[in-house]
1. If a residue has to be surrounded by fewer than 20 Cβ atoms within 10 Å (Cβ to Cβ), under 18 Å from the mean Cα position of the chain (by Cα) and either assigned to a loop (DSSP other than H, G, I, E, B) or aromatic (Phe, Trp, Tyr) (or both) to count, how many in region 10-60 make the cut?
2. Listed residues 148, 119, 153, 104; which is surrounded by fewer than 17 Cβ atoms within 10 Å (Cβ to Cβ) and basic (Lys, Arg)?
3. Determine which member of the set 60, 73, 34, 89 is among the basic types (Lys, Arg) and free of Cβ contacts under 8 Å to residues at least 40 places away in the same chain.
4. Return a yes/no flag: does region 124-144 have any residue that is at negative phi, under 14 Å from the mean Cα position of the chain (by Cα), buried (at least 18 other Cβ atoms within 10 Å of the Cβ) and of a type in the set (A, V, I, L, M).
5. Would you confirm whether or not region 67-90 contains a residue that is acidic (Asp, Glu), in a loop (DSSP other than H, G, I, E, B) and either modelled with pLDDT under 90 or within 17 Å of residue 27 (Cα to Cα) (or both)?
6. Can you run down the residue pairs with Cβ atoms below 9 Å, 6 or more apart or on separate chains, where the first is in region 140-164 and farther than 14 Å from residue 93 by Cα and charged (D, E, K, R) and the partner is at pLDDT below 95 and in a helix (DSSP H, G or I)?
Amino acid sequence: MKTPAPPGLRHAPREVFELILDYAVIPTFDLIVRLPDRRVVLVRRKIAPYGNTWALPGLRMMKPEGIDDTLARIAQSELGISIQTEGRRFIGQYVGRFKTEHRRQDLSTCYTVATDATRIAINQDHFHGLRLIGQASEIPRRTGAMYRFFLQRYFDSGSNHTLD
């Protein structure tokens, strides 16, 4: 499933984006999406920098978005769902440094959001698997360090029980 970007959002052409990667830190957002049964969504990525690992759904923030716009776009374009941004909870930030893509560096901000959705349609261009987990002991071994950090914080804080 691929959802077109909302009006006003533009992706930089690949050659421009590669120049940006040489000079700038990329602001990204990741979501811990809590389903009605209290489990959270993990996806198995196809693309760099975390190809073939378990991850949280996430993307870059784009001009002219705000935080809620970005979170809603991520949920829709990556999982095909709507979320409740008004109840979002901040989990933390993580600086990801990668050996690929021009030694890319991301500043990722993670939020927990709730959804009433019971069906998820993952973005087939970005992911090739889906897993639902309800506790830290279920975090797959092959989960990216950044996502493991966010998930551990989420489960350690008891946040999975505070969203309404």
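1. 12
2. Working: 148 fails: surrounded by fewer than 17 Cβ atoms within 10 Å (Cβ to Cβ); 153 fails: surrounded by fewer than 17 Cβ atoms within 10 Å (Cβ to Cβ); 104 fails: surrounded by fewer than 17 Cβ atoms within 10 Å (Cβ to Cβ).
Sole residue among the options that is surrounded by fewer than 17 Cβ atoms within 10 Å (Cβ to Cβ) and basic (Lys, Arg): 119.
3. Details: 73 fails: free of Cβ contacts under 8 Å to residues at least 40 places away in the same chain; 34 fails: free of Cβ contacts under 8 Å to residues at least 40 places away in the same chain; 89 fails: free of Cβ contacts under 8 Å to residues at least 40 places away in the same chain.
After applying the criteria, what remains is 60.
4. There is no residue in region 124-144 that is at negative phi, under 14 Å from the mean Cα position of the chain (by Cα), buried (at least 18 other Cβ atoms within 10 Å of the Cβ) and of a type in the set (A, V, I, L, M).
5. No, region 67-90 has no match at all.
6. Here the result reads none, with nothing in region 140-164 linked to a residue that is at pLDDT below 95 and in a helix (DSSP H, G or I).
Residue-wise test of (1) under 30 Å from residue 16 (Cα atoms); (2) among the basic types (Lys, Arg); (3) in contact with a strand residue (DSSP E or B) (Cβ under 9 Å, 6 or more places away or on another chain).
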| residue | (1), (2), (3) |
| --- | --- |
| 67 | yes, no, yes |
| 83 | no, no, yes |
| 86 | no, no, no |
| 93 | yes, no, yes |
| 109 | yes, no, yes |
| 128 | yes, no, yes |
| 134 | no, no, yes |
| 145 | yes, no, yes |
| 152 | no, no, no |
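The values are calculated or read from the model by the stated rules, or taken from the named source; none is laboratory data. All values derive from a computational prediction rather than experimental measurement. Please note: Cβ atoms are built from the backbone with ideal geometry, for glycine as well, and neighbour counts cover all protein chains shown.
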